[in-house]
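The values are calculated or read from the model by the stated rules, or taken from the named source; none is laboratory data. Keep in mind that this is a model prediction, so the values were computed, not measured. Here Cβ is always computed from backbone atoms with ideal geometry, including for glycine, and neighbour counts include all displayed protein chains. SASA here: full protein model, heavy atoms, side chains in, ligands and nucleic acids out. Shrake-Rupley method; radii C 1.70, N 1.55, O 1.52, S 1.80 Å.
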Amino acid sequence: MTSSKPKKIGVFTATTLVVGSMIGSGIFTIPSSLAPFGGISLFGWLLAAAGALVLASILSKLSRVDPKTGGFYAYTREAFGDLPAFLVGWGYLVSVWCTNAAIALSFTGYLSVFFPSIAENQILITVVGLSAIWLLTIINSQSVSGGGKVQVVTTVLKVAPLVVVALCGLFFFNVDNFKPFNMSQEPTVKAITMSSALCLFAFLGLETATVPAGSIKRPEKTIPKATMLGTILVIFIYLFSSFSIFGVLSPTEVENSIAPFSDAAAFMWGDAGRYIIAAGACISTFGALNAWILIQGQVPMGMATDGLMPKFFAKKNRFNAPTLGIIFSSVLVTLLFLLNQSKNFNSLYAFLILLSGVTALFSYLASSIAFAYFASKAKKKLKLNTKTIATALVGALFSIWLIIGSGQEAAVWGICGTLAGLPIFLLKKRQNKK
């Protein structure tokens with residue numbers, strides 16, 4: 001009987017993991033949230049994109065010198081010890097759980113374009129959303145590479161309609177849609193800050209190639225390439241497509257739309273275009289959900305390996321997949337669905353996205369500080385110079401700026417969700433002493 005080593009993820013698949021994680025429900029819904037600000041929101045995209053590039057650069061450098069499974073958590077642990085690392089890891093898990101619930105909800109909403117009865121029945125919304133979660137949980141529990149193959153296919157399919165709408169939109173462009181440039185009642189700086197906070201949600205996922213490092217070929221080289229390539233590609237798609245959407249539809253039309261890309265397609269090509277783009281949105285959200293479910297088992301596995309979470313999270317099945325961690329996370333996502341039945345579709349989605357964004361920003365902040373720490377100690381092949389100091393400072397200030405810009409409610413819930421994991425840490429520490 002011949003044995004074969006588990007297949008690992010290469011540059012192309014890792015890049016699609018980054019692209020697929022970022023391009024989920026955000027790009028299809030955020031234009032409606034940005035519409036009240038008008039054309040000035042494009043500066044929000046630019047600033048969010050600049051911050052994302054800085055954070056991607058930091059994570060790329062950290063992964064090159066410390067290619068461990070766990071991403072944020074692994075870097076923080078080596079720099080500052082177990083407790084800060086646990087809080088970062090647990091907070092990131094909270095972000096992933098909220099993200100998965102939000103994406104599943106968004107997938108259900110787009111699917112209702114074809115099956116309107118779904119949107120009219122809260123039970124159907126829950127059943128469809130949970131069905132998507134558990135189908136992909138089964139796939140990713142079988143094999144990391146199996147989930148990677150799904151990611152390649154869904155990423156290619158969902159990028160195509162975005163690019164088509166962006167290109168064709170240039171032929172229907174109306175510059176009057178950008179007047180006035182700042183439609184909000186807010187001062188220019190505040191309008192840009194608020195729109196940047198919204199735009200950042202669409203970039204969550206730039207770190208995904210750093211998390212399953214143990215399942216990636218030559219992670220010290222593959223992860224930096226995948227992270228930067230994926231981030232740059234997504235920035236181009238976001239800016240180009242948003243610019244076209246605002247040029248095709250009036251600000252009022254975008255603001256009142258629950259599917260602005262589908263409405264833009266309908267304006268250009270009729271109802272057939274609406275359904276084509278809705279199909280692309282379904283593929284997009286399904287692919288993003290696949291990527292995040294792949295990730296949700298990797299972080300607890302890294303923490304369990306270091307003795308900070310129960311050992312069963314570190315166990316892998318014969319396909320080299322952390323099955324128990326994936327299933328545990330999907331159970332919690334299921335509970336998020338079931339415990340929030342009283343909220344309507346839009347309020348639940350908004351709550352989940354805000355909480356996901358803030359808890360992810362805590363992790364970005366920790367990585368920026370760890371990057372500065374390693375450089376100051378001349379560790380991890382990092383040198384302390386002007387460029388390193390500037391990169392770490394910009395990454396940290398950008399994270400703090402958008403945490404504040406996300407609002408008090410989201411920040412408070414994010415802190416409470418992160419601290420909720422402390423009993424697990426203390427219990428595990430006590431067990432380790434015995």
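Structural remarks
- For segment 248-263, residues that are buried (at least 22 other Cβ atoms within 10 Å of the Cβ) and closer than 25 Å to residue 131 by Cα total 1.
- A single member of 342, 367, 406 is modelled with pLDDT under 80, within 17 Å of the chain's Cα centre (by Cα) and either surrounded by 14 or more Cβ atoms within 10 Å (Cβ to Cβ) or of a type outside the set (Phe, Trp, Tyr) (or both), and it is 406.
- Residues that are polar (S, T, N, Q) and in contact with a Ser or Thr (Cβ under 9 Å, 6 or more places away or on another chain) were ranked within segment 233-257; the one that is nearest to residue 39 (Cα to Cα) is 242.
- Scope segment 264-302; condition over 20 Å from the mean Cα position of the chain (by Cα), more than 15 Å from residue 112 (Cβ to Cβ) and open to solvent by less than 50 Å² (accessible area, probe 1.4 Å); matching residues: 264, 265, 266, 268, 270, 273
- Residues of segment 71-124 that are open to solvent by 60 Å² or more (accessible area, probe 1.4 Å) and closer than 19 Å to residue 377 by Cβ: 77, 78, 80.
- Filter result (modelled with pLDDT of 80 or more and open to solvent by 20 Å² or more (accessible area, probe 1.4 Å)) within segment 141-176: 163, 164, 167, 168, 170, 171, 172, 173, 174, 175, 176
- Cβ separations smaller than 6 Å between residues 6+ apart or across chains give the following pairs from segment 18-45 residues that are under 15 Å from residue 357 (Cβ atoms) and open to solvent by less than 10 Å² (accessible area, probe 1.4 Å) to residues that are at pLDDT 75 or above and of a type in the set (Val, Ile, Thr): 22/234; 24/103; 24/285; 25/103; 25/285; 44/192.
Table: residues versus (1) at pLDDT 80 or above; (2) open to solvent by 70 Å² or more (accessible area, probe 1.4 Å).
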{"position": "324", "(1), (2)": "yes, yes"}
{"position": "350", "(1), (2)": "no, no"}
{"position": "355", "(1), (2)": "yes, no"}
{"position": "371", "(1), (2)": "yes, no"}
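- Identity of the residue in segment 75-91, aromatic (Phe, Trp, Tyr) and modelled with pLDDT of 85 or more, that ends up farthest from residue 370 (Cα to Cα): 90
- Residues that are more than 15 Å from residue 47 (Cβ to Cβ) and out of contact with any Leu (no Cβ under 9 Å at 6 or more places or on another chain) within segment 384-404 comprise 384, 385, 386, 387, 389, 390, 391, 392, 393, listed in sequence order.
- Close pairs (6 angstrom Cβ cut-off, 6 or more residues apart or separate chains): without any contact (Cβ under 8 Å) to a residue 24 or more places away in the chain in segment 88-117, open to solvent by less than 10 Å² (accessible area, probe 1.4 Å) anywhere: none
- Filter result for residue 415 (open to solvent by 20 Å² or more (accessible area, probe 1.4 Å) and either within 29 Å of residue 97 (Cα to Cα) or modelled with pLDDT of 90 or more (or both)): yes
- Pairs with Cβ under 9 Å, 6+ apart, first in segment 267-282 and in contact (Cβ under 8 Å) with a residue 12 or more places away in the chain, second charged (D, E, K, R) and in a helix (DSSP H, G or I): 267/253; 274/263; 277/263; 280/158; 281/158; 282/158
- If you filter segment 385-401 down to residues that are out of contact with any Phe, Trp or Tyr (no Cβ under 9 Å at 6 or more places or on another chain) and modelled with pLDDT of 90 or more, you find that the one that is nearest to residue 412 (Cα to Cα) is 400.
- Among the residues of segment 238-247, those that are within 23 Å of residue 18 (Cα to Cα) and open to solvent by less than 10 Å² (accessible area, probe 1.4 Å) comprise 238, 241, 242.
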